[in-house]
């Protein structure tokens, strides 16, 4: 089926989209405005990469692994998340791209969700609520939200807010977000602020949208496609080089993010949950995006014996584990890690608001996190004294992780 890819009011490309279960074929039949093609779709040699286009398309929608999706599809009378995405015109609260059929003549100013109200039918269905009417209103940004945790958008006092749930028996993730924000604030890293809400006796975390009608988010997945990676560069250096080419010094915020992720043991800093903010009108890059989505951390959903500073925590996207990845941060000796004094008490006070977390688990996490900070101090001291520390990360890690991520995507 043919759709016109739009950016705000401008036609970008005529696409032929064929979806079959978890598979899809995207073909750009005509490009109307090359400058508005989503970043990272063209290869560095100027050739339009159809695989990148497909990845971009699927990264907009709800993954098949989303908690509650299989139960929501019958409520929405939809076969899969592709159908939901296209019926909602692919409109999101992350960027200003959307789709319409060639015969349609929709007005961006009247349908975008930054300026207009939207339906909560999809969001409620994703949280297990039966829609009030059989006539489902697909006019919702919830169709264009990635990630596995339950989430939905709402408008509160004119502010677009994302509501996200937890998982497992402890529902730990919403509280993890608050602890991660505490760490990042003290490291001087811009981050998304979360508050805790409750629904059906389950905790939720709530945050405001960090882009608006004038700005949009570009993820690291596509930033890394902008330049050809040099053979002698790690993917970490390659990403910094790509940002630098567009006027952004990404190293300071990237290093702080990796330090924060080490401290909280973040397992899921994948390429789609960090990046940059650009001006949606003149396409100029503005700054690194505020860090968000740090819930998969602090040994969430781990057995108690694994809640230990000695336990090797897997990570993304620049290494396979935090012990190796943190060695990429050559600026580590300049960090004042004493600013994190008191984190144990903050962890206890934050988790104490979660009735599902046993006290022994809370105390164990509060004990082990400061030990990870002490580990960082030792590494920093070794770096400063000239001890040679070599991270065991492949120079081709980006390619392997990118392809692996694409192959495992449950589309």
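Details
- Test: residue in segment 311-332 that is more than 23 Å from residue 236 (Cα to Cα) and either in the same structural domain as residue 367 (by TED's automatic domain parsing) or part of a loop (DSSP other than H, G, I, E, B) (or both): yes
- Scanning segment 361-404 for residues that are at pLDDT below 50 and surrounded by 12 or more Cβ atoms within 10 Å (Cβ to Cβ) turns up 394, 395, 396, 397, 398, 399, 401, 402.
- Verdict on residue 116 being within 20 Å of residue 85 (Cα to Cα) and at pLDDT below 95: no
- Condition met for residue 298 (surrounded by fewer than 16 Cβ atoms within 10 Å (Cβ to Cβ), assigned by TED's automatic domain parsing to the domain that holds residue 367 and either in contact with a helix residue (DSSP H, G or I) (Cβ under 7 Å, 6 or more places away or on another chain) or assigned to a loop (DSSP other than H, G, I, E, B) (or both)): no
- Among all positions in segment 56-69, there is no residue which is more than 22 Å from residue 135 (Cβ to Cβ), within 22 Å of the chain's Cα centre (by Cα) and part of a strand (DSSP E or B).
- Criterion violated by residue 226 - all others in (1) assigned to a helix (DSSP H, G or I); (2) touching a helix residue (DSSP H, G or I) at 6+ places or on another chain (Cβ under 6 Å); (3) closer than 26 Å to residue 51 by Cβ satisfied: (1)
- Residue in segment 200-214 that is within 29 Å of residue 328 (Cβ to Cβ), touching a strand residue (DSSP E or B) at 6+ places or on another chain (Cβ under 8 Å), modelled with pLDDT of 95 or more and assigned to a loop (DSSP other than H, G, I, E, B) present: yes
- Members of segment 245-259 found to be surrounded by 19 or more Cβ atoms within 10 Å (Cβ to Cβ), in a helix (DSSP H, G or I) and either free of Cβ contacts under 8 Å to residues at least 24 places away in the same chain or touching a strand residue (DSSP E or B) at 6+ places or on another chain (Cβ under 7 Å) (or both), listed by number: 253, 257
- Scanning segment 165-178 for residues that are surrounded by 24 or more Cβ atoms within 10 Å (Cβ to Cβ) and at pLDDT 95 or above returns 172, 173, 174, 175, 176, 177.
- You will find that of 216, 199, the residue that is surrounded by 15 or more Cβ atoms within 10 Å (Cβ to Cβ), touching a residue at least 60 places away in the same chain (Cβ under 8 Å) and within 16 Å of residue 162 (Cβ to Cβ) is 216 and no other.
- Residue 197 meets all of the listed conditions (1) at pLDDT 95 or above; (2) over 14 Å from the mean Cα position of the chain (by Cα); (3) assigned to a loop (DSSP other than H, G, I, E, B) but one, namely (3).
The values are calculated or read from the model by the stated rules, or taken from the named source; none is laboratory data. Model, not experiment: these values are computed from the prediction. Cβ coordinates were reconstructed from backbone atoms using ideal geometry, including for glycine residues, and neighbour counts include every protein chain displayed.
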